[in-house]
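For reference, the structure is listed below as structure tokens.
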Amino acid sequence: MAVVAVDQQHGPARRSARRRGQHHLQSLVFLVPGAILLLAIVIWPAIATIRYSFYNATATEAVGFSNYKSLFSTADTLIAFRNNIIWVLVFPFIVTVIGLVFAVLSEHIRWATAFKIVIFLPIVFSVTASSLVFTQIFQLDPHVGVMNAVVQTVEDYFHPPGAYPLSAGETAASLATSGVVAGPHGTLESGSEVRAGGTVRMGLTGVNPDTLTVLGARPARLPTPSAGAVTGLVWRDFSVSNPSNVSGVLPGEDGFPNLHLALLRSDGSIAATTTTDAFGRFAFSKVGGGPFRVEIEASNFTPGFSGTFWLGPQSLTPTSSLSQTAQALLSVPLIDISMILAYLWIWAGFTMVIVAAGLAALDREALEAAHVDGATEWQTFRRVTIPMLAPVLTVVFVTMVINVLKIFDIVVNLGIDTSQPGGQSSTLASDVYYLGFGGGVHTGLASALAVILFVLVVPAMLFNLKRISGK
């Protein structure tokens, strides 16, 4: 009877243990394929990468720490480190602030849903597609590139271009044909002196006829001499039917409209100013004694804004006189800033959504209490909302740090000509790609660089996981 009682006592325990064992076995059946896959595509490649970082370019001979020494002794790697530092210092902070601003704005506007959709939409597209968009936005031609069009509008407002801007390498003197000589500081002057009652002819060429058409030029017409005045004509001294005649005013030759002219005394001082009409005629009235010379002002030929090469390697910091190593460390390429602008457009929606979720979870009673105590909107935002959102903002910030530490896709797409090792927009991740899979493959250097990148990312990743888990 005692044996039966013991069996009856331990029977349920054995059955429970058997059931737990079956559950564990079922769990292992589901876990094993995932574990094998994880081992195949993550763990084993990571181990192999660490191993290959101690081998030569073809992974056939161990070279110790030679690859790591090479990485830290070449300007190419310093440029990649510098660019990653620029990304880490600039992008995470700005994108987090933008996300915070957009999240707060979305709580105070009536069309919040539409606003969030528009801001979030860029992250739906691939980075390659977004890069194509920004390639057009950063086009050098202001008639195509939006950025240069905006800069041109501002530039032309403060520094208006001339009606006849010169092209690169062209001078005002090259336009002179008959009755015109080169003057100082990019001006042109009449070839002979004139007194009141006299008439001046000034022939120019080398100007695109389309420019004259746009300015409303009419066929050149000689002015009528006037007593007490200096009159004259500025015309395009070229006739298709009679190209060898460069002195007379022939049918079909247009005047130069909207030219700013000055009447100079013999001592070089300005007696009067005027502007040519559509026929190229001008007149200086009541000029008094002479003699005078007519000057075509240099402002007529001031070139307009021709565009900034936003995707170029030029540095925003003056480093041209420094050593190669100093340039690699201290240069701030304009293309880096352009890429950051494009990446802000892509990721601002993501940060907005995360911060907005944090805002929705805030204790509204604390916010209302601040308003009851007399706090303004700005004081409530700065002293209540931001401190309460600090954990969310920290997670977003660190996530963006991890993101830009391994930045690759937009660098390769926007910096096609500058993302190779040693290029002004190269990063650690792009160098890993080009060294490991591009021309001139060097397995050892690529693996060593990948290990360094992994070491940089892991602390930020662990910090973020700790923050997310709330520990």
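What are the residues in segment 217-274 that are modelled with pLDDT of 90 or more and of a type in the set (Phe, Trp, Tyr), if any?
Phe256
Identify all residues within segment 307-317 that are polar (S, T, N, Q) and either touching an Asp or Glu at 6+ places or on another chain (Cβ under 7 Å) or outside any loop (DSSP other than H, G, I, E, B) (or both); write none if there are none.
Ser315 - this is the single residue of segment 307-317 that is polar (S, T, N, Q) and either touching an Asp or Glu at 6+ places or on another chain (Cβ under 7 Å) or outside any loop (DSSP other than H, G, I, E, B) (or both).
Quick check on segment 256-306: of everything there that is part of a loop (DSSP other than H, G, I, E, B) and among the β-branched types (Val, Ile, Thr), which residue is surrounded by the fewest Cβ atoms within 10 Å (Cβ to Cβ)?
Applying the filter and picking the extreme gives Thr302.
Those residues that are of a type in the set (Asp, Glu) and either outside the structural domain of Ala112 (by TED's automatic domain parsing) or part of a loop (DSSP other than H, G, I, E, B) (or both), I need them from segment 360-376; list them, please.
Once the filter is applied, which keeps residues that are of a type in the set (Asp, Glu) and either outside the structural domain of Ala112 (by TED's automatic domain parsing) or part of a loop (DSSP other than H, G, I, E, B) (or both), segment 360-376 yields Asp363, Asp373.
Do you know which of the residues in segment 164-196 that are part of a loop (DSSP other than H, G, I, E, B) and at positive phi is nearest to the chain's Cα centre (by Cα)?
Gly169
Considering only segment 360-387, how many residues are surrounded by 17 or more Cβ atoms within 10 Å (Cβ to Cβ) and within 22 Å of Pro92 (Cβ to Cβ)?
Within segment 360-387, residues that are surrounded by 17 or more Cβ atoms within 10 Å (Cβ to Cβ) and within 22 Å of Pro92 (Cβ to Cβ) number 1.
Answer yes or no: is there a residue in segment 308-326 that is within 30 Å of Leu215 (Cα to Cα), surrounded by 13 or more Cβ atoms within 10 Å (Cβ to Cβ) and in contact (Cβ under 8 Å) with a residue 24 or more places away in the chain.
For segment 308-326, residues within 30 Å of Leu215 (Cα to Cα), surrounded by 13 or more Cβ atoms within 10 Å (Cβ to Cβ) and in contact (Cβ under 8 Å) with a residue 24 or more places away in the chain: present.
Can you find a residue in segment 329-352 that is without any contact (Cβ under 8 Å) to a residue 12 or more places away in the chain, of a type in the set (Gly, Ala, Ser) and either assigned by TED's automatic domain parsing to the domain that holds Asp141 or surrounded by fewer than 17 Cβ atoms within 10 Å (Cβ to Cβ) (or both)?
no
Quick one: is Leu37 of a type outside the set (Asp, Glu) and not assigned by TED's automatic domain parsing to the domain that holds Leu435?
yes
I'd like to know if segment 138-148 contains one or more residues that are buried (at least 18 other Cβ atoms within 10 Å of the Cβ) and under 23 Å from Thr399 (Cα atoms).
no
Looking only at residues that are buried (at least 16 other Cβ atoms within 10 Å of the Cβ) and of a type outside the set (Asp, Glu) in segment 235-255, which one is farthest from Val200 (Cα to Cα)?
The qualifying residue farthest from Val200 (Cα to Cα) is Ser239.
Would you check which residues across segment 398-449 are free of Cβ contacts under 8 Å to residues at least 24 places away in the same chain, in a helix (DSSP H, G or I) and closer than 17 Å to Leu334 by Cα and list them?
Val412
For Ala129, only one of the following conditions fails: (1) assigned by TED's automatic domain parsing to the domain that holds Thr385; (2) small (Gly, Ala, Ser); (3) surrounded by 15 or more Cβ atoms within 10 Å (Cβ to Cβ); (4) farther than 18 Å from Ile335 by Cβ. What is its number?
(3)
The rows are residues; the columns are (1) of a type outside the set (S, T, N, Q); (2) modelled with pLDDT of 90 or more.
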| site | (1), (2) |
| --- | --- |
| Ile296 | yes, yes |
| Ser306 | no, no |
| Ala326 | yes, no |
| Leu329 | yes, no |
| Ile335 | yes, yes |
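Does Val200 fit the bill of being part of a loop (DSSP other than H, G, I, E, B), surrounded by 13 or more Cβ atoms within 10 Å (Cβ to Cβ) and among the aliphatic types (A, V, I, L, M)?
no
Among the residues of segment 278-291, which ones are closer than 21 Å to Gly255 by Cβ and not polar (S, T, N, Q)?
Ala278, Phe279, Gly280, Arg281, Phe282, Ala283, Phe284
If I go through segment 149-166 residue by residue, how many of them are surrounded by fewer than 13 Cβ atoms within 10 Å (Cβ to Cβ) and in contact with a Ser or Thr (Cβ under 9 Å, 6 or more places away or on another chain)?
Qualifying residue count, segment 149-166: 2.
Listed here are the residues, each with its yes/no results for (1) of a type in the set (Phe, Trp, Tyr); (2) farther than 30 Å from Ile86 by Cβ; (3) in contact with a strand residue (DSSP E or B) (Cβ under 8 Å, 6 or more places away or on another chain).
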site	(1), (2), (3)
Thr273	no, yes, yes
Gly280	no, yes, yes
Gly304	no, yes, no
Ala348	no, no, no
Val355	no, no, no
Thr380	no, yes, no
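Yes/no matrix, rows are residues, columns are (1) among the small types (Gly, Ala, Ser); (2) at pLDDT 85 or above; (3) not in a helix (DSSP H, G or I):
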residue	(1), (2), (3)
Ala48	yes, yes, no
Ala59	yes, no, yes
Gly64	yes, yes, yes
Tyr68	no, yes, no
Ala80	yes, yes, no
Leu89	no, yes, no
Gly99	yes, yes, no
His108	no, no, yes
Ile117	no, yes, no
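The values are calculated or read from the model by the stated rules, or taken from the named source; none is laboratory data. Source: prediction; values computed, not measured. Reconstructed Cβ throughout: ideal geometry from the backbone, glycine too, with neighbour counts over all protein chains shown.
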